[in-house]
Amino acid sequence: MLLSSGYFKRHKTKKRHRSLSALILSLLFAVSLFGGCSADINSAESSSPNGEVTPPEVIVESPGPVEMPAEQEVPEVPEIDFNVVKPNELGEVMVIMYHNLGDKNTDYARTAESFRADLERLYEMGFRTLPLRDLVKGNITTPAGYTPVVLTFDDGHITNFKLLEDQTIDPDCVVGIMSAFAEEHPDFGMHATFFFNGGTPFAQKDSVAFKFNYMLENGMDIGNHSFGHEHFKPLSAHEVEAALGKNAVQLKKLLPENYEIDLLALPYGERPAEGQRGTLIEGQYEGVPYKNIAILNVGWKPSVSPFDVSFDFASIQRVQSGDGHLQLTDWLDGYAANPDKRFISDGRADRVAIPAILSEKVDLTGFEGLELLEY
Ligand SMILES: [Zn+2]
């Protein structure tokens with residue numbers, strides 16, 4: 001027994017990262033049941049609140065009509081009381097930068113105990129995890145009145161995801177802690193992005209496949225941190241392409257075919273010289289192209305909202321973990337004193353709700369199908 005049954009229960013409910021082959025199989029199966037009528041297939045599909053198309057689940061043993069799972073029904077979202085929720089989807093979003101867990105708290109390490117306390121405080125203060133991809137796509141599925149938070153972990157350290165000798169997940173590694181926390185607080189979610197360099201992800205070579213599979217099934221993501229943790233500043237465009245492209249190729253070999261390596265955390269937060277920077281966004285290595293949709297800095301402050309006119313997907317600020325000046329604890333203290341600075345969701349992914357006084361700051365260019373509501 002590798003994991004507690006609780007893990008598997010959660011696996012079953014996660015559909016986001018259904019593999020392409022499973023999707024194709026489901027569709028093919030649906031085609032055979034519906035006699036190949038494409039109109040029926042289309043009507044059997046539905047968009048989830050975050051806009052993804054979910055294929056129908058076919059229940060073979062049912063003698064009656066094909067049953068659709070509950071998630072096919074898109075529930076009516078009740079309108080919020082704007083004066084109570086006070087949504088501000090132009091507020092700040094923290095993209096938190098962690099590295100490894102360790103025996104004591106430093107700028108780069110956090111103890112397991114402090115990491116748990118961070119999650120607890122974020123939860124209590126109304127933060128809910130959001131995938132990085134959803135942030136940059138403006139797909140804010142965070143419930144009304146809550147604030148999205150993006151968790152990131154650089155360098156693929158073993159303390160991020162470690163299997164013990166009996167092949168169970170170390171309850172004191174990041175994934176073990178987040179998984180246990182999500183069991184107790186399912187609405188917090190366990191979305192996080194882990195950024196890797198070349199070499200064995202999480203430093204346990206026999207368990208990479210299990211770990212990546214577990215992560216994808218639980219809404220966690222895998223991103224690029226360059227092959228050799230290079231300093232980008234002195235590199236030529238070609239060298240940057242090699243550092244990013246080679247790593248993307250290696251990581252993709254360990255992942256399902258349809259999984260894109262399109263999230264980048266800059267090593268040391270360094271950028272190549274002006275003129276060479278386009279290769280951070282796209283390039284190719286040995287004929288294999290890569291394209292990044294989010295590029296993260298090594299920062300000291302929250303990101304602006306993706307709907308803010310100054311948002312730049314190629315330069316997203318992060319907040320460093322820790323208790324020092326301008327580190328996570330400091331920002332949380334700040335939000336406790338000034339709660340109106342943070343992003344407050346209106347609970348609808350298809351609508352951007354902002355106080356009318358901020359109307360000059362909003363820019364929805366590039367986001368499709370979003371309705372703007374000023375109040
Ligand atoms: Zn790093």
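Bear in mind that the values in this text are calculations on the coordinates, not laboratory data. Here the structure is a predicted model, which means the values were calculated and not measured. Cβ atoms come from the backbone with ideal geometry, glycine included; neighbour counts cover every protein chain shown.
Restricting the calculation to Cα atoms, the stretch 161-207 shows an Rg/Rh of 1.02 when the hydrodynamic-style radius is the Kirkwood one.
For the listed residue pairs Lys137/Lys205; Lys205/Lys246; Lys246/Lys301; Lys211/Lys233, the alpha carbons are over 23 angstrom apart in Lys137/Lys205; Lys246/Lys301; Lys211/Lys233. Pull out a ≥ b ≥ c, the square roots of the eigenvalues of the alpha-carbon gyration tensor of the stretch 83-374, then state rounded if a/c is under 1.5, prolate if not and a/b is larger than b/c, and oblate in the remaining case. Oblate, since a/c reaches 1.5 and b/c is not below a/b.
Figure legend: label point modelled 7 angstrom from the Cα of Val208 along Cα→Cβ; residues of the stretch 253-291 with amide N under 11 Å from it are 253-255.
Maximal additional length on extending the Leu358-Arg277 stretch stands at 26.0 nm, based on 0.36 nm per residue less the C-alpha distance. So how strong a dipole does the stretch 268-332 carry about its Cα centre when Lys and Arg Cβ are +1 and Asp and Glu Cβ are -1, to the nearest 20 debye? Taking the Cα centre of the stretch 268-332 as origin, the dipole is about 40 debye.
Length gained on full extension, His229 to Glu260, computed as 0.36 nm times the residue gap minus the Cα-Cα distance: 9.2 nm. Let me know the whole percent of all Cα-Cα pairs from the stretch 231-375 that are separated by more than 19 Å. Everything past 19 Å amounts to 63 percent. Close amide H partners of Asn224, meaning residues 5 or more places away or on another chain with modelled amide H under 5 Å apart, are Phe196, Leu263, Leu264, Ala265.
A simple spin-label model places pseudo-atoms 7 Å from Cα toward Cβ; at Lys291 and Thr111 they are separated by 4.7 nm. With contacts taken as Cα pairs under 8 Å and at least 6 residues apart, the stretch 218-375 reaches a relative contact order of 16 percent.
Less than 5 angstrom separates the built amide H of Tyr146 from those of Ser345, all sequence-distant by 5 or more or on a different chain. Ordering Leu101, Phe195, Phe210 by the projection of their Cα atoms onto the charge dipole of the stretch 83-374, which places +1 on the Cβ of Lys and Arg and -1 on the Cβ of Asp and Glu, puts Phe195 at the extreme positive end.
Computed extension gain for Asp340 through Asn83, at 0.36 nm per residue and net of the alpha carbon distance, reaches 91.2 nm.
The charge dipole of the stretch 83-374, taken about its Cα centre with unit charges on the Cβ atoms of Lys, Arg (+1), Asp and Glu (-1) only, comes to about 320 debye. Computed from backbone phi with θ = phi - 60° and the Karplus coefficients 6.51, -1.76 and 1.60, the 3J(HN,Hα) list for the stretch 254-271 is 9, 10, x, 4, 8, 7, 8, 8, 10, 10, 10, 10, 5, x, 6, x, 8, 10 Hz; x is used for glycine and proline. The protection proxy used here, the mean number of other Cβ atoms lying within 10 Å of each residue, ranks peptides 352-359, 190-197 as follows, highest first: 190-197, 352-359. The protection proxy used here, the mean number of other Cβ atoms lying within 10 Å of each residue, ranks peptides 204-211, 149-156 as follows, highest first: 149-156, 204-211.
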